[in-house]
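What follows is a short report on a single structure.
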Amino acid sequence: MTLTVRVISPDKTIWDASAEEVILPSTTGQLGILSGHAPLLTALDTGVMRVRPSKNQQWIPIALLGGFAEVEQDEVTILVNGAERGDSINLEEARTAYNEAQTRLNQVAQGDRQAQIQATQAYKRARARFQAAGGMV
């Protein structure tokens, strides 16, 4: 059996196809979904979702920028703030953005809470894009 998987952002549908398996970046850790999974509603963190269309195909990475996932009757609906397929991300640009975000995060003053939050969010986004593009394993 397969899952019906939909990844929907405010401006477009990133994925709408069947899959054998899905791995989601939930706020409590990685979450694997196979057909027959119990009903579930979970918050998603910024990170990389991986979809395997069939057992003979490679995993397809998708960078997610937070959101929610619902699993019910072999349907996985993922509503996110933003998403990008890994094959549409330029690896070198993602690497540069990741390195810059990491440097910025390390330079933020400890007392400036707002700047720390912004730098952390930028770092998580850049890391997810870099990972989805194939820059990190």
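Before moving on, here are some points about what is shown:
- Cross-chain or 6+ apart pairs with Cβ under 8 Å, segment 99-121 first and among the hydrophobic types (A, V, I, L, M, F, W, C), then surrounded by 11 or more Cβ atoms within 10 Å (Cβ to Cβ) and assigned to a loop (DSSP other than H, G, I, E, B): ALA115/VAL108; ALA119/VAL108
- Extreme residue, surrounded by the fewest Cβ atoms within 10 Å (Cβ to Cβ), among residues of segment 56-75 that are within 15 Å of SER9 (Cβ to Cβ) and either in the same structural domain as LYS124 (by the TED database) or among the aliphatic types (A, V, I, L, M) (or both): LEU65
- If you check GLY135, GLY67, GLY86 for being on the phi > 0 side of the Ramachandran plot and in contact (Cβ under 8 Å) with a residue 12 or more places away in the chain, only one passes: GLY67.
- Every residue from segment 7-25 that is in a strand (DSSP E or B) and either aliphatic (A, V, I, L, M) or buried (at least 17 other Cβ atoms within 10 Å of the Cβ) (or both): VAL7, ILE8, ILE14, TRP15, ALA17, ALA19, GLU21, VAL22, ILE23, LEU24, PRO25
- Residue in segment 48-63 that is within 14 Å of SER26 (Cβ to Cβ) and free of Cβ contacts under 8 Å to residues at least 40 places away in the same chain present: yes
The values are calculated or read from the model by the stated rules, or taken from the named source; none is laboratory data. For clarity, every value in this text was computed on a predicted model and none was experimentally measured. Heads up, the Cβs are rebuilt from the backbone with ideal geometry, glycines too, and the neighbour counts pull from every protein chain shown.
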